[in-house]
Structure formats: structure tokens, C-alpha cells
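This report refers to the structure that appears directly beneath it.
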Amino acid sequence: MMSPFDLNRQNGKLESKIVVALERISEAFRVLLWDESKKNGLSPIQIQILIFLLFHTNEKCKVSYLANEFNMTKATVSDSVKLLLNKGLIKKMDDPADTRSYTIALTEEGKFTAENSANFAISIEKPLNSLSEEQNEAIFSGLMKIIDGLNKAGVITIQRMCFSCMHYQNSNGQHYCKLLQSKLATTDLRIDCPEHQ
Ligand code: SF4
């Protein structure tokens, strides 16, 4: 059987153990996000939308973009957006580039909630602080490759990371950004770049 959850296979294969470890971490995200949602009387996706709006530029703050970002249908995101509008946490803004469309932005109250909720995953960052720089670099490099692979396989959609950017170049293993006109060390690679194209 080709399952990473099959203990016979898992205990003899590091890659399977890593898959199971990632599942545990995704479970931690789910639990932490759920706790944060309950605290605010919102759903997990509504909290994710508020945090996304807090840190991303206006042209990305559209229902269709959010649906891609969170790998959900437009109808599901629309429902959450309606509820956030009704609660006065977000507001609609006309899109000057497209009169049939609109972007959304946080209200003052929405900004307050988003800022308070934005560190919900900080307890996942804490154990990483006790690792060496080399260990963190190896983890980051491996995760970037996994995310890139999942993106190319069509499992997850938008990734604003260097490996999927038109400005990215790799010659003989050296990362380079044509926009920044600069070599990038592994730790300089971006996972959510505002300049990603
Ligand atoms: S730093 Fe940003 S602009 Fe440059 S290659 Fe990476 S994602 Fe693209």
C-alpha cells in the first residue's frame, strides 16, 4: 500500500514521516484558527479574509482573487464577504479598472479585529526560534520546494513565491531576481512577495 499513513511504510521512509508531520502542523493551524474564529464569533475563512486584507494591496482584495487564494469557490467566499459586510468589518470600494467589479477593504473595526487575530499562528513560529539558522534554512528550502511542487501539480493555486515568478532566474543553483537585480540567498527567497508577477 502506498500510503504515508501506513505505519509499516512510514517507519521505514523519512518522506512519509515528513508528510505525517506536515499533517500534524496543518492540524495545529486548524485548531488555532478555529479558536481565534470562536473568540470573534466568525468562521475560520472570515478570519483568514480579514488577515489577508490587512496585509495585501487593494487590487488583490476581490472575491475572485480571494477564492483562488484560499482554494474555495467564489460562492463560498461571496457568502463570507456578505456576512463581513453586514457585521461592518469590511466595506466595498469601486474598482476604477473595472466598473462591473469591486474591491473590499477593512473598516476601522475590521482593522482592529484583523490586527488582534493576525498572530493566531505565533505558537507555531515559537519552536522554530530554538533551532539553528542552518536548520531553519533547510526547513524553509524544503517547504518552498514542496509548495512549488503542489502548485505545479495543480493541488494549490496562487503562490506569490519566487519559484513561480517571471522575475525569478536560477543559474547553476544560484537564485536571482531580475526585478530587484540582485542575487537571492535561500533565506532571501520570498513566499509572499508584493512584487510577484
Ligand atoms: S523577490 Fe519577488 S519579484 Fe523577485 S523573483 Fe521573488 S517573487 Fe519575484
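Annotations for the structure displayed:
- Every residue from the stretch 82-126 that is in a loop (DSSP other than H, G, I, E, B), among the hydroxyl-bearing types (Ser, Thr, Tyr) and open to solvent by 60 Å² or more (accessible area, probe 1.4 Å): Thr99
- Every residue from the stretch 1-38 that is β-branched (Val, Ile, Thr), more than 14 Å from Ile124 (Cα to Cα) and open to solvent by 70 Å² or more (accessible area, probe 1.4 Å): Ile18
- Residue check, Lys145 open to solvent by 40 Å² or more (accessible area, probe 1.4 Å), assigned by TED's automatic domain parsing to the domain that holds Ser37 and either within 16 Å of the ligand (Cβ to nearest atom) or not in a loop (DSSP other than H, G, I, E, B) (or both): no
- Single residue of the stretch 153-172 satisfying the filter (away from the ligand (no atom under 16 Å from the Cβ) and open to solvent by 80 Å² or more (accessible area, probe 1.4 Å)) that is farthest from Glu23 (Cα to Cα): Asn172
- Among the residues of the stretch 176-197, those identified as more than 8 Å from the ligand (Cβ to nearest atom) and touching a residue at least 12 places away in the same chain (Cβ under 8 Å) are Thr186, Thr187, Ile191, Asp192.
- Here the stretch 57-81 is the region considered, the condition is being touching a residue at least 60 places away in the same chain (Cβ under 8 Å) and assigned to a loop (DSSP other than H, G, I, E, B), and the residue that is farthest from Asp35 (Cα to Cα) is Thr57.
The values are calculated or read from the model by the stated rules, or taken from the named source; none is laboratory data. Because the structure is predicted, anything quoted here is derived from the model rather than measured. So basically every Cβ, Gly included, is an ideal-geometry build from the backbone, and we count neighbours across all protein chains shown. Ligands, DNA and RNA are excluded from the accessible area calculation, which covers all protein heavy atoms including side chains. Shrake-Rupley method; radii C 1.70, N 1.55, O 1.52, S 1.80 Å.
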